[in-house]
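Q: Before I ask anything, here is the structure I am working with.
The values are calculated or read from the model by the stated rules, or taken from the named source; none is laboratory data. Remember, it's a predicted structure, so these values are computed and weren't measured experimentally. Note: ideal-geometry Cβ built from the backbone for every residue, glycine included; neighbour counts use all protein chains shown. Accessible surface is based on the protein model in full, side chains and every heavy atom, while ligands, DNA and RNA are left aside. Shrake-Rupley method; radii C 1.70, N 1.55, O 1.52, S 1.80 Å.
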Amino acid sequence: MINQMTPAIYESLKQAVSLRKWPDGRRLTPEQTELCLEAVMRFEVENNVPEENRVGYLEQRTCGAAASGAGVTPEMAGLARDAARD
């Protein structure tokens with residue numbers, strides 16, 4: 001089935017999983033969501049979709065300044081209100 005899936009079907013299933021709705025507006029059941037997500041993930045592997053374009057991709061942070069918070073402004077860290085109270 002995955003080998004016969006077109007890119008258009010893949011995109012439609014990917015959108016359905018994301019919105020939890022079919023294109024006509026009906027809600028996906030939990031079972032439908034699970035099956036669609038499995039089909040999307042299998043399509044991505046079979047068609048060598050780049051990892052950063054796959055469903056559920058999270059960019060990995062490396063150790064260093066960005067991971068430790070060094071050099072991050074209070075606004076970016078969400079601490080601006082707390083700093084303003086002091």
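Q: Pull up the stretch 40-64, narrow it to residues that are among the β-branched types (Val, Ile, Thr) and modelled with pLDDT under 85, then point me to the one that is most open to solvent (accessible area, probe 1.4 Å).
A: Our first condition is that a residue be among the β-branched types (Val, Ile, Thr); within the stretch 40-64, this holds for 40, 45, 49, 55, 62.
Adding the requirement that they be modelled with pLDDT under 85 leaves 55, 62.
Numbers: Val55: 55, Thr62: 106 Å².
Out of the qualifying residues, it is Thr62.
Q: Out of (1) loosely packed, with under 14 Cβ neighbours inside 10 Å; (2) in contact with a Phe, Trp or Tyr (Cβ under 9 Å, 6 or more places away or on another chain), the odd one out for Ser18 is which?
A: Of (1) loosely packed, with under 14 Cβ neighbours inside 10 Å; (2) in contact with a Phe, Trp or Tyr (Cβ under 9 Å, 6 or more places away or on another chain), only one is false for Ser18: (2).
Q: Step by step: first the residues of the stretch 1-15, then only those that are loosely packed, with under 10 Cβ neighbours inside 10 Å and of a type in the set (A, V, I, L, M), then the one that is nearest to Tyr57 (Cα to Cα). Which residue is that?
A: Here the residue is Ala8.
Q: Regarding Leu37, is this residue under 14 Å from the mean Cα position of the chain (by Cα), closer than 16 Å to Met1 by Cα, without any contact (Cβ under 8 Å) to a residue 60 or more places away in the chain and open to solvent by 50 Å² or more (accessible area, probe 1.4 Å)?
A: yes
Q: (1) open to solvent by 80 Å² or more (accessible area, probe 1.4 Å); (2) of a type outside the set (S, T, N, Q); (3) modelled with pLDDT of 85 or more: which one isn't true of Arg81, the others all being true?
A: For Arg81, the exception is condition (3).
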